[in-house]
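Report on the following structure.
Quick note: the coordinates plus some simple rules give every number you see, no bench work behind them. Owing to the predicted nature of the structure, the values given are computational and were not obtained by experimental measurement. Glycine also receives a Cβ, built like all others from the backbone with ideal geometry; neighbour counts cover every protein chain displayed.
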Amino acid sequence: MKRISRTTLFTSTQLALCLIAIAPLASYASDVSPSATASATATDASTNSSKKVQNLDAVKVTGSAVTVDKIAPTQGSMIAIQPQSIIGEQYLRENVAPTGDYSDAISIAPSISTVAPNGPGLMEAQSVTMRGFQDGEYNVTFDGIPWGDSNDFTHHSTSYFTTQDTGNIVVDRGPGTASTLGNATFGGTIAVGSRTPSDTASIEPYLTYGSFGTWVEGAQLNTGAIPETGGTTALINIENARSDGYLTYAGQRRQNIFAKIVQPIGDNTTLTFVGMYNNIHQNVPLGATRAEINAYGPNDGLNNNPYSQDYYGSNIDNIDTYMSYVGLHSAFDGWTIDNKAYTYSYNHFGWNGEDPNGEYPNGTIYSPLDVPAQALRNTYTSYGDIFRLSKELGPGELRTGFWYDRQRNLRTLYEVDANLNYAYNAPTQLAATDRDMRDTLTTFQPYLEYNWNVTDQVSLTGGVKYADFKRGINAVVNQKTGEPLVYSKDYSKTLPSLALHWQLSDDWTAYAQVAKGFLAPNLNTLYTIAPQENTLKPEQTINKQLGTTWSDGRLTLSADAYYINFNNKIESRTIGPITTFYNAGGAVYKGLEAEGTYLLGGGFSVYANGSLNRAIDNATNQWLPNAPSKTAALGVIYSDGPLYASLIDKFVGHRYGDTGLQQPFGGYAITNFAASYTFAESFGALKSIKVGVQVNNVFDNKSIYYLSGYTVQDNTPLYFTIPARSYELTFSAKL
């Protein structure tokens, strides 16, 4: 199949220390041993959401009420049993661009490495890594619901909820306890929580103008509590965004509608209804060679020549998505029931030039001048249910439940002529077909765990989860082989976990944990004419982590150490026409992480975080691609009354873009500034008028930071650069 590889290639980073918070642990960072660490498990955001987000309220405009936990960009949790970074609503509203998404928000957290190549939210994040684990090796959840592509468990960061739909994000760096659900508990969980409707009625229009011809228009409606219906609250957000993008001819148009209704039933039961629809039209570059970057600039993307494979009119995505769920939460007589029945869908029509970087010659069966291209469709729908039941029992709480999900997927790819309305570039449709596949993934994960209150200060949580997942494929033309295939395969794994939480004082907690994480084999393991020859087990991690969190009125500080043994790594070998996948070797991930915010007084606070990470392949003893050896952030925040301002720098160290220590990249730093002012005076019907500005990449760093793949013809590396300095100016008010 003639096509630029869309396979994500990952970097690795070297070592640095930029934080006072992590300094006491520096001597430990170079060689974290299994006996000295306890590795983290990721807590499902829905399990203890009422406890975990209690410190995420936005800062009130009464300076005396400001405490450090309200203004910290990220902070650890006092109830966590694994490393967590909580990102609250104030940071989302003040520091994340209105065009951004969850990948832009989490970039501030320790051990996270990501940059949006076309500007915030203006193109899918190409590389979002956590401790060196790549997208597809960790969960992303929305209100506790795991979502993503079933073929490889990756996530389309721009295709569902927006920043304005999001109320908080919890970055869990670990596989979680038995009650943490998802197909990729391997590397952790990014738990996105939706906004909560307000008890006060309001209409809040907002308008953003920014660099790259960016406009965002939107409005949010809060009904307030409706006494006639028992206290119903509802929130609706409608948003339209458009931008030319940082990269040339890489424009995006996006419309999003989000609604949430919370209905109390009596004193102990709540029904929640959530629905979201998202539409994107975008022109997507696949990267540029160094020669193109040198000739046309760091923002080289697409062009306006209809007879170029790089023509923006031949590189198009049209994507429609929706997500909805009905949630029931009830507590009575020591029992707690929580259930979410959900569905979500992704429908993608896409077109791209055969080799958009000019190496593959033009020519189709119709004309030697016509542009060879590809037309794809990827559409899937998931239906599922998450049921949780807990009961106070003896000196603790017994928890049980399950997750069931079934996703159906259609994937097609055809060779076409871009100048003839995408006519098949072959005598027949079948001859033009690179793939024509229907596949399914059915997941069932029941769990049982017990939280034992050993003393008033110490609790021990132990449990087990049984993960069963079945892949099925019915392909007229299977990817890679070009042959038909009907096949199914069932995998299962038992996953235990054990975690200790110690409340040392009202302000200080500590935890230690050991748990198994897993990753189901990807769909590509069935891209062979003899899948029955594969004897695969799920990839697995054994995580050991320990950590501590301090939080009082002036200081929030957390630190942790982790050691992760990754085994059952899936590799392949090809003999003649048969490709066989098998388990071989693994890797070791280990490191230290810390984050903290200190309230200086007078409205000022300082923030810092950092990580020292190591990820080594056992077979080669070399750094894994895209595994950072360090990340760091340092900033100052001012929040007093109606004025907010921050200046925060994020640094990612040296890394490699490919295996074998190939494609090295130097470290980079991105500094962002944000400020806003809320006027106390009303102007007619307008109240709480707010003006905000965000400046991204203040020092205009435009260096190459990511290897996006290789060209089809000559295997030339393709790169993305850091987007140039940009700004966004936002006006909002309440009616």
What is the range 407-502's relative contact order, in percent, from Cα pairs under 8 angstrom and six or more apart in sequence?
26
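Step by step: find N for the range 315-418, compute 2.2 N^0.38 Å, then divide the Cα radius of gyration by it. What's the final number? Can you show the working numbers first?
On the way: Rg = 24.3 Å, N = 104, 2.2 N^0.38 = 12.8 Å.
The range 315-418 yields a ratio of 1.89.
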Given labels modelled 7 Å from the Cα in the Cβ direction, how far is it in nm from Ser367 to Glu483?
3.9
Based on DSSP H runs of at least 4 residues, each adding -39500 (n - 2.57), what is the mean residue ellipticity at 222 nm of the chain after dividing by all its residues, to the nearest 500 deg cm²/dmol?
-1000 deg cm²/dmol
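I'd like the FRET efficiency for Phe604 and Leu410, computed as 1/(1 + (r/R0)^6) with the beta carbon distance as r and R0 of 41 Å, rounded to 0.05.
Details: r = 55 Å, r/R0 = 1.33.
E between Phe604 and Leu410, to the nearest 0.05, is 0.15.
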Dipole-positive endmost among Ser646, Leu389, Ser314 within the chain (Cβ charges, Cα centre)
Leu389
Can you tell me the alpha carbon radius of gyration of the range 686-734 divided by the globular rule-of-thumb value 2.2 N^0.38 Å?
1.94
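Relative to the present Cα-Cα distance, how much length would full extension add between Thr494 and Asn524 at 0.36 nm per residue of separation? Please report the intermediate quantities before stating the final value.
Details: separation 30, 0.36 × 30 = 10.80 nm, distance 2.35 nm.
Full extension from Thr494 to Asn524 adds 8.4 nm.
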Please compute the modelled spin-label separation between Leu398 and Thr381, points set 7 Å along Cα→Cβ, answer in nm with one decimal.
3.9
With the crude spin-label approximation of a point 7 Å out along Cα→Cβ, what separation in nm comes out for Leu448 versus Gln662?
5.0
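Hey, fewest Cβ within 10 Å first, where do Lys70, Lys470 land in order?
Numbers: Lys70 20, Lys470 16.
Lowest to highest Cβ neighbour count: Lys470, Lys70.
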Listed here are the pairs Lys70/Lys516; Lys465/Lys590; Lys630/Lys690; Lys480/Lys569; Lys470/Lys516; which of them are more than 31 Å apart at the Cα?
Lys70/Lys516; Lys630/Lys690
Which is farthest toward the positive dipole end of the chain among Ala418, Tyr450, Thr440, measuring Cα position about the Cα centre, with Cβ charges +1 (Lys, Arg) and -1 (Asp, Glu)?
Tyr450
Options Thr364, Tyr491, Leu271, ranked by Cα towards positive dipole end of the range 23-734, top entry (Cβ charges):
Tyr491
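Please work out how much length the chain gains when fully extended from Phe332 to Gln713, using 0.36 nm per residue of separation minus the C-alpha to C-alpha distance, in nm with one decimal. Working shown, then result.
Working: separation 381, 0.36 × 381 = 137.16 nm, distance 6.54 nm.
Gain in length upon complete extension: 130.6 nm.
I need Glu239, Glu593 ordered by Cβ neighbour count within 10 Å, fewest first. All intermediate terms of the calculation are to be shown ahead of the outcome.
Details: Glu239 23, Glu593 29.
Going from least to most buried by this count: Glu239, Glu593.
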Nearest 0.05, what FRET efficiency do Asp267 and Ile79 give at R0 = 25 Å with Cβ-Cβ as r?
0.55
Hey, can you grab everything whose amide H is under 5 Å from the amide H of Gln479? Only 5+ residues off in sequence or another chain; H modelled, so Pro and N-termini drop out.
Asp436
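Assuming R0 = 51 Å, can you tell me the calculated FRET efficiency for the pair Ile238 and Lys537, based on Cβ-Cβ distance, to the nearest 0.05? Intermediate values should be presented prior to the final figure.
Values: r = 47 Å, r/R0 = 0.92.
According to the calculation, E is roughly 0.60.
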I'd like to compare 486-498, 122-134, 251-263: which one has the highest average count of other Cβ atoms within 10 Å, and what's the full order after that?
122-134, 251-263, 486-498
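In debye, nearest 20: dipole of the range 574-715 around its Cα centre with unit charges on the Cβ of K, R (+) and D, E (-)?
Values: 8 positive and 9 negative charges, 19 e Å.
Its charge dipole is roughly 100 debye.
Multiplying the sequence separation of Asn318 and Ser688 by 0.36 nm and subtracting their Cα-Cα distance, what value in nm do you get? Mind showing how you got there, number by number?
Details: separation 370, 0.36 × 370 = 133.20 nm, distance 3.71 nm.
Going from the current span to full extension adds 129.5 nm.
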Can you pull the Rg over Rh of the chain, Cα-only, Kirkwood?
0.95
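Mean separation of Cα pairs under 8 Å and 6+ residues apart, divided by the residue count of the range 23-734: what relative contact order is that in percent?
On the way: 2198 pairs, mean separation 96.8, N = 712.
Computed value for the range 23-734: 14 percent relative contact order.
If the only charges are +1 at each Lys and Arg Cβ and -1 at each Asp and Glu Cβ, what is the size of the charge dipole of the chain around the Cα centre, to the nearest 20 debye?
Numbers: 48 positive and 65 negative charges, 147 e Å.
Charge dipole, the chain, about its Cα centre: 700 debye, nearest 20.
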